[in-house]
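Structure record follows, encoded as structure tokens.
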Amino acid sequence: MTLSSPPPLPLALTMGDPAGIGPDLAIEAWRLRVGHAIPPFAVFGDAQMIAERAVMLRETLPLQEIDTIEQAVALFPDALPVVPVDLSVPCRAGTPDPGNAGAVIRAIEHAVSVVEDGRAAAVVTNPIAKSVLYQAGFIHPGHTEFLAALADARRPGERHRPVMLLADATLKVVPLTVHVPLADVPGLVTRALIVETALILHAALIRDFAIRSPRLAVAGLNPHAGEGGEIGREEIDVISPAIAELQHKGLDVKGPLSADTMFHGAARAHYDAAICMYHDQALIPIKTLAFDTGVNVTLGLPFVRTSPDHGTAFDLAGSGRASPSSLVSALKLASRMAAARAATACSASSETRSRP
């Protein structure tokens, strides 16, 4: 007798800030589901708000509230599945309201819980507005830190160090430091931080991207990677020792490389992912190469999380002018990462059982 394969798990997509373009993108991504091979997903959000947004977008949207995430896969071909997360106050597209911050947070919490319980494949998050959440008492620096806190809370004794990866078919890049003033970057670039970040990236490339032997490139901090110490010593004193430590651990790491020459096509062919020292050093090349299709990925978590690489775009909400390309890419990448992670776990389990 042949055993049938279990049905695929859906993705858990959060609504993001309801006044932003998150609902628009979810609607457009569902509309594109057939021709673009988009994996099944359910939106964690307010069904009435999504229906009203569809009217603004002049979209015919069959929409179905569901009691459990497991219903999403069967419903997805015919209707957009919505796991209800009710708003506290009416939503006006383009006008964020701190009164709905609680619903935004609950949507994220609920999506994480179903993925952690093994009922959904991955979390995909639509953009939030941190300034709006702060007005309602949100204490975390951002989306990523909140997700790490949720992971920590669900796994007592574990501490997760999230790493931001910006990914596209053309480039994968990690900013070592993220939303900090440029003047603070040299003091934050440490050997320990480079080593820790590279190890998390290396493990993720194997587990989530099925790259058996990852090749990493590390940028210098200064112009021309310091020009042998003539334009700064961080490459000599900090970055090179970190690379040497990683090489000693068996990782394939090159650098420090001059950031102005490491992102053209021929250079990118020699590495699978790059680590940059600061935000713009990483994000300028990825947004130049893949402005509409780049995906924000959070590494270092016990679950897969992706997100469109853009903000809430309140000025575009309800206009029909917001491109769903980045969300579509985020959904597809989340599905591939979840499948790769499951396959890696299965392989590791098989190897363990086969040992004498």
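The values are calculated or read from the model by the stated rules, or taken from the named source; none is laboratory data. Because the structure is a prediction, the values reported are computed rather than measured. Cβ placement follows ideal geometry from the backbone for every residue including glycine, while neighbour counts extend to all protein chains displayed. Each accessible area value is taken on the protein alone, full model and side chains, heavy atoms only, with ligands, DNA and RNA left out. Shrake-Rupley method; radii C 1.70, N 1.55, O 1.52, S 1.80 Å.
Worth pointing out:
- Helices in the chain that qualify as membrane-span-like (whole DSSP H runs, Cα extent of at least 20 Å along the helix axis, mean Kyte-Doolittle hydropathy of -0.5 or higher) are 101-116, 191-209, 325-354.
- If R0 is taken as 25 Å, the Cβ-Cβ distance between T170 and D252 corresponds to a FRET efficiency of 0.80.
- Whole-number D in µm²/s for region 204-356 (Stokes-Einstein; Kirkwood sum over Cα pairs; 20 °C, 1.002 mPa s): 119
- Within region 1-98, percent of DSSP bridges classed antiparallel, to nearest 5: 10
- Sparsely packed loop sites in region 156-255 (the GluC sites (Glu not before Pro) outside DSSP H, G, I, E and B with at most 14 other Cβ atoms within 10 Å) comprise E158, E230.
- Whole-number D in µm² s⁻¹ for region 278-348, Kirkwood Cα-pair radius fed into Stokes-Einstein, 25 °C, 0.890 mPa s: 177
- Per residue, the chain exposes 45 Å² of solvent-accessible protein surface, assessed with a 1.4 angstrom probe and all protein chains in place.
- Percent of C-alpha pairs per 5 Å bin in region 77-207, short distances first: 2, 8, 13, 18, 19, 16, 13, 7, 3, 1, 0.
- Built amide H within the under 5 Å cut-off of Q64, gap 5+: L80, V82
- Under Karplus coefficients 6.51, -1.76 and 1.60, residue-wise ³J(HN,Hα) of region 68-74 in Hz, glycine/proline x: 9, 4, 4, 6, 5, 4, 5
- Within the accessible area of the chain (1.4 Å probe), percent carbon and sulfur: 55
- Antiparallel beta bridges, as assigned by DSSP with both residues in the chain, represent about 35 percent of the total such bridges.
- Size of charge dipole - the chain - debye, nearest 20, with Cβ of Lys, Arg +1 and Asp, Glu -1, no other charges: 860
- Those chymotrypsin sites (Phe, Trp or Tyr not before Pro) in region 280-343 that DSSP places in a loop and that have at most 16 other beta carbons within 10 Å: F291
- In region 170-279, one over the average inverse separation of all distinct C-alpha pairs is 14.0 Å, which is the Kirkwood hydrodynamic radius.
- The smallest convex shape that holds all Cα atoms of the chain, its convex hull, gives 166 Å³ per residue.
- DSSP beta bridge pairing in region 216-306, given as percent antiparallel to the nearest 5: 25
- Positive minus negative residues near P302 (Lys, Arg vs Asp, Glu; Cβ under 14 Å): +2
- Cross-link partners of K287 among aspartates and glutamates (Cα-Cα below 14 Å; sequence separation of 8 or more within a chain): D168, D309
- Among 182-189, 76-83, the peptide with the highest mean count of other Cβ atoms within 10 Å heads the list, and the full ranking is 76-83, 182-189.
- When the trypsin sites (Lys or Arg not before Pro) in region 48-145 are filtered for DSSP coil states and for at most 15 other beta-carbon atoms within 10 Å of their beta-carbon, the remaining sites are R58, R119.
- The modelled label-to-label distance for the pair A269/H140, using points 7 Å beyond Cα in the direction of Cβ, is 4.1 nm.
- 13 Å beta-carbon shell around I66, net charge (K/R +1, D/E -1): -3
- Summing Lys and Arg as +1 and Asp and Glu as -1 over all other residues whose Cβ lies under 13 Å from the Cβ of E196 gives a net charge of +3.
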